[in-house]
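Student: Got a structure for you, written out below as structure tokens; questions coming shortly.
The values are calculated or read from the model by the stated rules, or taken from the named source; none is laboratory data. Fair warning: this is a prediction, and the values are worked out from it, not measured in the lab. Because the Cβ atoms are built from the backbone with ideal geometry, glycine has one as well, and the counts that use them run over all protein chains shown. Note: accessible area is taken over every heavy atom of the protein model, side chains too, but ligands, DNA and RNA are not part of it. Shrake-Rupley method; radii C 1.70, N 1.55, O 1.52, S 1.80 Å.
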Amino acid sequence: MHKRNSRATLRFLLSSFPYRSRNPPLLPSATATAKFSSRFTSGFDEKRRLLQLNIVHEDQQVLSFFKPLRNFIETKQWGVGIQRKRYGSLAGLVQRNPRFSKLNDDDVRYFEGILGNKNVVQDEDKLVTSNTDWMHKYKGSSKLLLHPRTADQVAQILKYCNSRCLAVVPQGGNTGLVGGSVPVFDEVIISLSSMNKIISFDKVSGILVCEAGCILENIMSFLDNEGFIMPLDLGAKGSCQIGGNVSTNAGGLRLVRYGSLHGNVLGVEAVLANGTVLDMLKTLRKDNTGYDLKHLFIGSEGSLGIVTKVSILTPPKLSSVNVAFLACKDYNSCQKLLQEAKRKLGEILSAFEFLDVQSMNLVLNHLEGARNPIPTSLHNFYVLIETTGSDESFDKQKLEAFLLGSMENELISDGVLAQDINQASSFWLLREGIPEALMKAGAVYKYDLSIPLEDMYKLVEEMRSRLGNTANVIGYGHLGDGNLHLNVSTPHYDEKILSQIEPFVYEWTSKHRGSISAEHGIGLMKANEIYYSKSLETVQVMASIKNLMDPNHILNPYKVLPHSLTS
């Protein structure tokens, strides 16, 4: 009887109509909704040995990278510049590379000759933003910000910096989470924000060519007007730039449908450390002529070259889009729901996101305008499913059949379907607003991990057991592609809490054959932890490529690779 009543109710209420896009701004609330009711030791000795190589010796003093210290403090111990960084996997002291030159007045005059005075910024107030990451966790001390407008200007800058051994850090929207886009010391900041032109768009092939400084949301708006969409969608789309997205191989919300940027980026233009411009800006789907070098620049975080232009394949915008916000009783139900979604929704499944009840509570308590679309009670887990297709009737039938079957199989405890674009936006706010809510809640330790699905939430539970009542541990992420965002929220940063988190979180991930960076990159935060995910031999090959392409190591130093290999 219960199943028959559920079937009748579900058929009556599944009357949601598709909407065209979720690009418009998020609205504060939805209107009426349609409701259907020890630390590991074995196996890590070798990795610990490798990581212990990352120490600084000076006058018999040893500075270990395993001891967390307070942030934003510079010391001048033993006559060398030491930057103290807090609460990332750098977790200790970084020494300024003595091979790097110091900026002088002649350098500034040279850059002014290339760029003009207004594009060479020395004002301290203006430099504060570029020196600091958006989480206010990493802070550099650069005295110079450059705004090139062309790839040729970037080439002239790098050629000069390479000859002078001046370290540089390329910067896009500065929305990174691992300290990859800000200086560690006094590196010259090269901002790509002035290189923001869309160069061409082919409506037949859907191939877009643009400069690296284009803001992702602006590209999305341009494509929306042309009847296309970006294969990439991020919560930071209003600030992040496509060059930074490519350089970090950003994942985001649509990866389950459209894959990674390694598949969607057809070509890049990049400038090497010596000023050589590599024109690999192909707009071809097929090109098997030798090594596909563009992949070296996708995900290398500006450490091998600066991406200045991108060509990317964009899919057509489809007219039928539906969003469901569902409640599940346990993580196992979420896994089974994903399995069923892949089988039953197939080609129309475009997003599959999950969050736990702690994430939901955090958003509801700290994010203005957030509303619980299932207000009767809180559930242990929530899943947001988006479908995108071209046939409204067909898509609706598939979605109805999927939700009905999931309810009958007790995979879903409750749920709502968006009746219009405003409701859909309010559902997405609950998922995309979690990072902002975390920032408002206080201090946060963020970890971006790829873990086999069956084990993914076990890490959240074990972390919760380790920390007890000292922290609020939340788990959410892209369940469709096995990406967990593990966040530990505390009123303030605490070294004792960090010592409970790290290196445990990396050891656990490595033991379960996961990756310590799913989509955020390595940056400064995890440069010395890369051995948890990559073998010694693999890292050595990476270092060889770095040495070949940037022998003076001026490009984004102290990032990506262990400091023992790049100092």
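Student: Subtracting the Cα-Cα distance from 0.36 nm times the residue separation, let me have the gained length for Lys511 to Asp106 in nm, one decimal.
Tutor: Extending this stretch completely gives an extra 140.6 nm.
Student: Still on this model: Rank by packing, highest mean first: peptides 406-414, 519-527, 442-450, with packing defined as the count of other Cβ atoms within 10 Å averaged across residues.
Tutor: Peptide ranking by packing, descending: 519-527, 442-450, 406-414.
Student: Give the Rg/Rh ratio for region 322-400, taking Rg as the radius of gyration of the Cα atoms and Rh as the Kirkwood radius, to two decimals.
Tutor: That ratio is 1.01, to two decimals.
Student: Follow-up. At 1.4 Å probe radius, can you tell me the per residue accessible area of region 267-314 in Å²?
Tutor: 46 Å²
Student: Tell me the label-point distance for the pair Ser535, Lys496, using the 7 Å Cα-to-Cβ offset, in nm and rounded to one decimal.
Tutor: With each label point 7 Å from Cα toward Cβ, the separation is 4.2 nm.
Student: A follow-up question, please. Measuring from label point to label point, each 7 Å out along Cα→Cβ, what is the Asp279 to Asp123 span in nm?
Tutor: Reported label-point gap for Asp279 and Asp123 is 3.7 nm.
Student: Does anything in region 260-304 have its amide N under 12 Å from the 7 Å Cα→Cβ label point of Ile545, and if so which residues?
Tutor: Flagged as within label range: 292-304.
Student: Among 293-299, 375-381, 187-193, how do they line up from the highest to the lowest mean number of other beta-carbon atoms within 10 Å?
Tutor: 187-193, 293-299, 375-381
Student: Arranged from highest to lowest average of other beta-carbon atoms within 10 Å per residue, in what order do the peptides 118-125, 107-114 appear?
Tutor: Ranked from most to least packed, the peptides come out as 107-114, 118-125.
Student: Could you tell me the calculated FRET efficiency between Asn380 and Asp202, based on Cβ-Cβ distance and R0 = 51 angstrom, to the nearest 0.05?
Tutor: After rounding to 0.05, the efficiency reads 0.60.
Student: Same structure again: So with the 1.4 Å probe, I'd like the accessible area per residue for region 321-407, rounded to whole Å².
Tutor: 37 Å²
Student: Here is a further query. For region 178-337, what is the convex hull volume of its Cα atoms per residue in Å³?
Tutor: Given the Cα convex hull of region 178-337, per-residue volume reads 160 Å³.
Student: Which percent of the accessible heavy-atom area of region 253-310 goes to carbon and sulfur, probe 1.4 angstrom?
Tutor: 50 percent
Student: Taking 0.36 nm per intervening residue step and subtracting the Cα-Cα distance, what contour gain separates Asp391 from Leu293 on full extension?
Tutor: Difference between extended and current length: 31.4 nm.
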